[in-house]
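S.K.: Below is the structure I would like to discuss, written out as structure tokens.
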Amino acid sequence: MKIVILDGYTENPGDLSWSGIEAFGDLTVYDRTPLNDHDEIAKRIGDAEVVYTNKTPITRETIAKCPNLKFISVLATGYNIVDVEAAKERGIPVTNIPTYGTMAVAQYAIALLLECCHHIGHHNQTVKEGKWQNSADWTYWDYPLIELDGKTLGIIGFGRIGQATGRIAKALGMKVIAYDEYPNDSGREIGTYVTLDELLAQSDVISLHCPLFPSTQGIINKDNIAKMKDGVIIINDSRGPLVNEQDMYDALESGKVAFFACDVVSSEPIKADNVLLKAKNCYITPHIAWAPKESRQRLMDIAVANLKAYVDGSPINVVNP
């Protein structure tokens, strides 16, 4: 059978192998496909039976133009770029890749937090620029340094990644509280479930790990920021639209929010006019929390397993059953 990967570069820039997928048929891999050129997307899929996509949209129109298409697999956890209902109407299973990056994303959330607390990148740069060797003292720091032991971390979204982040935070001596619509026993072993308003009021640090739904879009906004402690730190390596970026800019400028560190923004790649680019005390990285080689290999292994299960007649990780 024919298999097409529409945008494989971010998953595999050359340090992994597509051989597991290639074993199932005639494989064509495109590094990138124009996201807004739906004719080109359909052309590249052509008469393939199987298509993998990461961020290239597969719309109802595209599905209609590809009559041989029988299986769609998203090389990510989120699958909003596929019209899953249109696929379901055609009897096409759509699969995703759950759980591959749990520890990597949790680790990264804590890395963002530690950067806010210690500004390691900044101080490293000042040393290399000569500030230490020319210092009148044996030490200096350009920002207040923050110890996390005894402080409260509020986690919004206490699923796998939120709980993994909580476990690391507890090892740092932090008290963990969480807001989630579906409390469970594994979460109770790590932290205390509270209401959203309680979390906003009690937290020294807030870390976002919830999915993007209409109910969570813009959950960090001026009204909720007003309920937080002065000088709160906010971390987001979940989904950019969870944060109202203008409201965050205003809160950083006023000092209500001491630091904001994110790996995601509202539109990616980031646009030149994104207000966060000129905000003070704001750290932005280019959506890389998921990307250690170990987690990308895990993603690849699940992508292969999804295809094997489809070929065997019992698809797994199906999001449109």
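S.K.: Answer yes or no as to whether Leu114 is open to solvent by 20 Å² or more (accessible area, probe 1.4 Å) and either at pLDDT below 95 or assigned to a helix (DSSP H, G or I) (or both).
M.R.: On the way: open to solvent by 20 Å² or more (accessible area, probe 1.4 Å): yes; either at pLDDT below 95 or assigned to a helix (DSSP H, G or I) (or both): yes.
So Leu114 passes the test.
S.K.: Checking Val264 against (1) surrounded by fewer than 20 Cβ atoms within 10 Å (Cβ to Cβ); (2) touching a strand residue (DSSP E or B) at 6+ places or on another chain (Cβ under 7 Å), only one condition comes out false. Which one?
M.R.: In the conditions (1) surrounded by fewer than 20 Cβ atoms within 10 Å (Cβ to Cβ); (2) touching a strand residue (DSSP E or B) at 6+ places or on another chain (Cβ under 7 Å), Val264 misses (1) alone.
S.K.: In addition: For the list (1) on the phi < 0 side of the Ramachandran plot; (2) open to solvent by 20 Å² or more (accessible area, probe 1.4 Å); (3) modelled with pLDDT of 95 or more, I need the number of the one condition that Thr165 fails.
M.R.: (2)
S.K.: Can you tell me which residues in segment 117-154 are assigned to a helix (DSSP H, G or I) and either surrounded by fewer than 11 Cβ atoms within 10 Å (Cβ to Cβ) or touching a Ser or Thr at 6+ places or on another chain (Cβ under 6 Å) (or both)?
M.R.: Initial filter on segment 117-154 (assigned to a helix (DSSP H, G or I)): 117-118, 120-128.
Selection gives Gly121, Asn124, Lys128.
S.K.: What pairs come up if the first residue lies in segment 79-104 and is closer than 30 Å to Ala169 by Cα, the second is charged (D, E, K, R) and open to solvent by 60 Å² or more (accessible area, probe 1.4 Å), and their beta carbons are under 7 Å apart, counting only those six or more places apart or on different chains?
M.R.: As it stands, the answer is Thr99/Arg160; Tyr100/Arg298; Thr102/Arg160, since those pairs meet every condition given.
S.K.: Considering each of Asn274, Asn236, Asn281 in turn, give the residue that is more than 26 Å from Thr10 (Cβ to Cβ), among the polar types (S, T, N, Q) and either in contact with a helix residue (DSSP H, G or I) (Cβ under 9 Å, 6 or more places away or on another chain) or open to solvent by 50 Å² or more (accessible area, probe 1.4 Å) (or both).
M.R.: On the way: Asn274 fails: more than 26 Å from Thr10 (Cβ to Cβ); Asn236 fails: more than 26 Å from Thr10 (Cβ to Cβ).
Checking each option against the conditions leaves just Asn281.
The values are calculated or read from the model by the stated rules, or taken from the named source; none is laboratory data. Predicted model, so just to flag it, every value in this text is computed and none were measured. No Cβ is skipped: glycine too gets one built from the backbone with ideal geometry, and neighbour counts run over all protein chains shown. Heavy atoms of the whole protein, side chains included, go into the accessibility calculation; ligands, DNA and RNA do not. Shrake-Rupley method; radii C 1.70, N 1.55, O 1.52, S 1.80 Å.
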